[in-house]
Structures are given as structure tokens and as C-alpha cells.
1. How big is the charge dipole of the chain about its Cα centre, in debye rounded to the nearest 20, if each Lys and Arg gets +1 on its Cβ and each Asp and Glu gets -1 on its Cβ?
2. Between ALA97, ILE48, VAL16, whose Cα lies farthest towards the positive end of the dipole of the stretch 7-146 when Lys and Arg beta carbons carry +1 and Asp and Glu beta carbons carry -1, centred on the Cα centre?
3. In the neighborhood of ALA15, defined by Cβ-to-Cβ distances under 14 Å, what is the net charge if each Lys or Arg adds +1 and each Asp or Glu adds -1?
4. Loop-only check: which trypsin sites (Lys or Arg not before Pro) in the stretch 45-95 are DSSP coil with at most 16 other Cβ within 10 angstrom?
5. Treating the Cα atoms of the stretch 7-146 as identical point scatterers in vacuum, please give the log10 of the normalised Debye intensity I(q)/I(0) at q = 0.10, 0.14, 0.17 Å⁻¹, two decimals.
6. Which aspartates and glutamates, if any, have their Cα less than 18 Å from the Cα of LYS131, not counting same-chain residues under 8 positions apart?
7. Grab the other residues whose beta carbon is less than 12 angstrom from that of VAL95, score K and R as +1, D and E as -1, and report the net.
8. Does a label point 7 Å from the Cα of SER26, set along Cα-to-beta-carbon, have any residues of the stretch 103-138 with amide nitrogen under 12 Å, and which are they?
Amino acid sequence: MTRGPVRLDVSISYAVPRAGVPAATSFRKWVAAALQGRIREADLAIRIVDAKEGRALNRHYRGKDYATNVLSFPAELPEGVKLPLLGDLVICAPVVAREAKEQGKTVAAHYAHLTVHGALHLLGWDHEDDKDAEAMEQLEREVLAGLGLPDPYAEE
């Protein structure tokens, strides 16, 4: 566990109209909350995409022919290279908006959850089995509660 603030360099790019999509400052705040106490410094990029780009990336990298809400691409640095490069997140705006509506959540709360979720993936967390999923979900709940946001896994 590390102490003190995280030194962050978060680049946000919007490949969709900005209406209804949170500002870069929100994404930076959510990433900082996810990384706080877990890493000292991190550089990462977040790209907000449309369904076409989200689907193409999901098909290319995961073999799944649909747009998904968030994709995480951890940095793969050569052995011996020590950089704070954490990786990239790709968040699909129309999927986030649709899921938020279906789940009865605010769009901002859903973006916050997916940003935290993706950032934790960049740190190596996963949900490949029930034990790992439970641990990751609990950590997400704690981070989001610290931001004043509701439990994303609570049943409505």
C-alpha cells in the first residue's frame, strides 16, 4: 500500500460528441480514486468511442463481435524498462448510456464505475473466477463509496 497522492498523467480523447459524456476532470478524479494507495504514479489514456469503433476493437482484441462498455489494455513494457505507463482504457459511449438506462443508474455514475473497473484491470485485477470477481467488486464498491457514489452491483 502506497501513501500520498498519486502522480497522474491521464490523457482523455473523445471520438464522439461530448454531449452526455463526462468532462476530462471527472475521468481523472475517478482514476485517481481507483489508484489511490495502490500505485505512486501512472500514465494512462482513456478514449471515449462510438459503437462502431468499440465493436471493431472488441472483435480484434477479444474475438467478440459486439461493442462492450470498457476495454482495458495494460501496457506491455520490455523487460527492464521502468516507466509509469499503466495502459489504455476504451469506453464505448452508446453502450454506457444504454446500460445506465437499463440498470436505472445515472450515466455519470456508470461512467465512474466503468472507469474505476478499467483502472483496476490495468493494475492487474480481474474477474476470471468467482473469488477474484468478488474481491474486485468489493474494491470497486469501496472506491465508488469514497466518491459518494452508490453500489454499482446493488439490485434495484
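1. Working: 19 positive and 23 negative charges, 146 e Å.
Using Cβ point charges on Lys, Arg, Asp and Glu, the chain gives about 700 debye.
2. VAL16
3. +1
4. Listed in order of number, the matching sites are LYS64, LYS82.
5. For the stretch 7-146, the Cα-only Debye profile gives -0.32, -0.64, -0.97.
6. Those aspartates and glutamates meeting the cut-off are GLU140, GLU142.
7. On the way: positive: LYS52, ARG55, ARG98, LYS101; negative: ASP50, GLU53, GLU99, GLU102.
Its environment carries a net charge of 0.
8. Of the residues in the stretch 103-138, 106-115 have backbone N under 12 Å from the label point off SER26.
Where a number appears in this text, it was derived from the coordinates with a stated rule and is not lab data. This structure is a prediction, so every number in the text was calculated from the model and none was measured. Cβ atoms come from the backbone with ideal geometry, glycine included; neighbour counts cover every protein chain shown.
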